[in-house]
Amino acid sequence: MAFRKAAKGVALVGGGALATFYGLSRLSEYRRNQARLVHVEAAEQVQMTFEDELPSRQVQLAALRSTEEFDVLIIGGGATGSGCALDAVTRNLKTALVERNDFSSGTSSRSTKLIHGGVRYLQKAIMKLDYEQYMMVKEALHERSNLLDIAPHLSAPLPIMLPVYKWWQLPYYWAGIKIYDLVAGSQCLKSSYVLSKAKALELFPMLKKDKLVGAIVYYDGQHNDARMNLAIALTAARYGAAIANYTEVVYLLKKADPQTDRERVCGARCRDQITGNEFDVRAKCVINATGPFTDSVRKMDDRRNPDICQPSAGVHIVIPGYFSPDNMGLLDPATSDGRVIFFLPWEKMTIAGTTDTPTDVTAHPIPVEEDINFILTEVRNYLSPDVEVRRGDVLAAWSGIRPLVTDPSSKDTQSICRNHIVNISDTGLVTIAGGKWTTYRLMAEETLDGAIKEHKLPGGASRTVGLMLEGAKDWTPTMYVRLVQDYGLEIEVAQHLASTYGGRAFEVAKMAQVTGKRWPIVGKRLVSEFPYIESEVLYAIKEYACTAIDVIARRTRLGFLNVQAADEALPRVVEIMGKQLRWSEQKKRVIHLSEELAAAKQFLCHEMGYKARSEQLTDMSEIALTPSEVDRYKKRFHKFDKENKGFITTVNVQQVLESISIQIDENTLHEILNEVDLNKNGQVELNEFLQLMSAVQKGHVSDSRLAILMKTVEENLEQRDPVSVDRSGGGV
């Protein structure tokens, strides 16, 4: 009876909300359609030369130096900055873009990988009858649809399950999700639906079944964020924009306006981070699209400008793909502290996040152990007790800084702006800040509209709705079959190339080396368990990759998926890049391969969670083993330490392996022992081994190569049957 009353009440409220928001949806749809009549949305309307061959970075830098004056100079190569460049250049404006680091090196590569309208924002809009929040969701859903259309190789719809554990929540959540569908209107990806308990467990078998009532499934989009950012930037370059990464703005250039005699921003002094050379880039309009670094550029304009960015850190973790179904995400709508946690399949792994904590602005955010453990705890609450998620299962972890902003033109300057803002200073500096990944295109359009109006630029209306991005033109869902047939690539590699490069995948395949095997014919992998191949490193250089970090983090996503695998691939990546870029031959700035390798390892250590992994096993780690367990592990250790020295070396391990006909490369063996050699003295002592086994038992370390190796050897010595030892995946 109580349930019926609750359901009836929710149905009445939900029905009224549905009717209200349906009316608002139809009204806004009508207004949008009217506005579209004066906009050119099809790519065919962009009457510009499209370069099939990307200009090199040197050519781009030469264009920045030699062009007398650009119409627009954009500072920042993230999603918003790259979007501004594409919007500007397709309006026939002479466009330049500079980025201090690499394209998408900041927040744009560290997102939850979702293209979404924002279910939680819609909930707030309904509960508070907030039309502004409603319109924000409406706009985001329109942009979601457009982004899925213009880059189908990099994005796809993803079903997301919302498990329900209380009967009254089922109609409540159902009403909210149905409103989400209605707000999307004709751009709804697929209609949401309700699942019974049995069906929910069939689709998501890892789900905790105790007290489960049922589930609701809705659809949002998912993408490869760094590659999407790069696709936007490369598309702008092909249309004629002069773009350059590793080009820092030293200070803004200004000149007096002849009509008002006031100072106006007219460009920037830039420094090529690779060579150290400085040069001026002049422009009628300068746009600040630097995300979390918004305030630093605003203060270049005027040191008295107040800070408007309130940075918030969002941590994500990656765990093995077997923790989630291949094509079903999970949403925890109310964590223990009121936040939202997503649990999503991504690149054949599982991504979980995010947190939301105040932080300082930094170019190198580090995931902290507290946030990693918070995510793990929340994930465990929704998974079956027999599915144990251990700290050692974390393969990578990263932190991204979300640039929340206050509006400097608002009376209430302390209030966080729910959406993005476009601000134009007295000197003409245009700042775009806030917003989210999904709405990058709309943000760019509004920014250019404001810039054109303020600076009286000759650009027309935005032409980016429906404009296909890099690789989208010739992509089809089955093009990977041609890659297999025409080049002799492995199926997994071919699928990866197609979904990463789209129609450009054939260029990568052409650069692939012959393997010398019967199959595959071409395509040498960088690491055995991931489909990234060596020719991608060469192609990454054409895509403006300048460092090994650019390759492992943003051209490929190896660093974000598994830091141990990325660390293993680094020497070969550096070797290929060094040869192609002739690092050893440069005289003005000699780049030693060892220095490049060290920089990339430091990136993995601090920014991708490798340091957090190493901290799980230290020389201060507690040995929490029972006496019988200690005896068992001592016996295992002494099968290698036959002389009772109290330590083992690679020589000891190699001798035992040879006695049971197991072959492991000496360098690999050294790496395996080095993971456990806490005091780095070239040997593993008994105490270090016991610390390792204790950490393995507590779940702090999983899939330790040495632990698995020694257990396998012990079993082989007892059975005397040779068993091969494969490389473990390893956790962070």
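Normalised by the residues of the chain, what does the relative contact order come to in percent, with Cα pairs under 8 Å and at least six apart?
It rounds to 15 percent for the chain.
Converting phi to 3J(HN,Hα) with the Karplus coefficients 6.51, -1.76 and 1.60 and the offset θ = phi - 60°, the stretch 396-406 yields 7, 8, 8, 10, x, 9, 7, x, 5, 9, 9 Hz in sequence order, with x at every glycine or proline. Grab the other residues whose beta carbon is less than 12 angstrom from that of ALA599, score K and R as +1, D and E as -1, and report the net. Counting the neighbours of ALA599, the net charge comes to -3.
Evaluated with a Cβ-only charge set (Lys, Arg +1; Asp, Glu -1), the chain carries a dipole of roughly 1760 debye about its Cα centre, given to the nearest 20. For the stretch 155-220 versus the stretch 81-98, the inter-centroid distance based on Cα atoms is 40 Å. Taking packing as the residue-averaged number of other Cβ atoms within 10 angstrom, the listed peptides 85-91, 556-562, 304-310, 131-137 run from highest to lowest as 85-91, 556-562, 131-137, 304-310.
In sequence order, the stretch 164-179 has phi-based couplings of 10, 10, 9, 4, 5, 6, 4, x, 5, 5, 4, 4, x, 5, 5, 5 Hz under the Karplus curve 6.51 cos²θ - 1.76 cosθ + 1.60, θ = phi - 60°, and Gly or Pro positions carry x. Taking amide hydrogens as placed 1.01 Å from N in the peptide plane, the amide H of VAL164 sits under 5 Å from those of VAL213, GLY214, ALA215, ILE216, each at least 5 positions away in sequence or on another chain. The stretch 118-134 and the stretch 452-531 have Cα centres lying 38 Å from one another. Against the chain, whose longest principal axis is taken from its Cα atoms, helix 627-638 shows a tilt of about 80°. Charges were assigned to the Cβ only: +1 to each Lys and Arg, -1 to each Asp and Glu. The resulting dipole of the stretch 627-719 about its Cα centre is roughly 300 debye. Only one of the listed values, (i) 27.5, 92; (ii) 32.3, 100; (iii) 31.2, 117, was derived from the coordinates as Rg and Dmax of the Cα atoms in Å; which label is it? It is the value labelled (i).
Highest first, please rank the peptides 489-496, 357-364, 524-531 by the mean number of other Cβ atoms sitting within 10 Å of their residues.
Going from most to least packed, we get 489-496, 524-531, 357-364.
Here the Karplus relation 6.51 cos²θ - 1.76 cosθ + 1.60, evaluated at θ = phi - 60°, turns the backbone of the stretch 314-331 into coupling constants of x, 9, 10, 10, 10, 10, x, x, 6, 7, 9, x, 5, 9, 8, x, 9, 10 Hz, with x for every Gly and Pro.
Along the axis of the charge dipole computed for the chain (Cβ charges of +1 for Lys and Arg, -1 for Asp and Glu, origin at the Cα centre), the listed residues LEU673, ALA85, LEU604 are led at the positive end by ALA85. Against the main long axis of the alpha-carbon atoms of the chain, helix 225-238 sits at an angle near 50°. Toward the positive end of the charge dipole of the stretch 627-719, about the Cα centre and with charges on Cβ (Lys, Arg +1; Asp, Glu -1), which of LEU657, ALA695, VAL684 goes farthest? Comparing the listed Cα positions along the dipole, ALA695 ranks first.
Dipole size of the stretch 151-219 about its Cα centre, with +1 on Lys/Arg Cβ and -1 on Asp/Glu Cβ: approximately 240 debye, rounded to the nearest 20.
In percent, what relative contact order does the stretch 627-719 have, based on Cα pairs under 8 Å that are 6 or more apart in sequence?
31 percent
Farthest towards the positive end of the charge dipole of the chain, among the residues PHE103, LEU558, LEU154, is the Cα of LEU154, using unit charges on the Cβ of Lys, Arg, Asp and Glu. Legend: calculated FRET efficiency, THR67 to TYR131, from the Cβ-Cβ distance at R0 = 41 Å, rounded to 0.05, equals 0.40. Highest mean packing comes first when the peptides 627-633, 648-654 are listed by Cβ atoms within 10 Å, giving 648-654, 627-633.
For LYS190, what charge total do you get from the other residues with a beta carbon under 12 Å from its beta carbon, if Lys and Arg give +1 and Asp and Glu give -1?
With Lys, Arg at +1 and Asp, Glu at -1, the neighbours total -2.
Once the Cα atoms are used to define both axes, helix 119-128 deviates from the longest principal axis of the chain by about 50 degrees.
Rule-based calculations on the coordinates, nothing more; no lab input. Bear in mind the structure is a predicted one, so any value in this text is a computation, not a measurement. Virtual Cβ from ideal backbone geometry, glycine too; neighbours counted across all protein chains shown.
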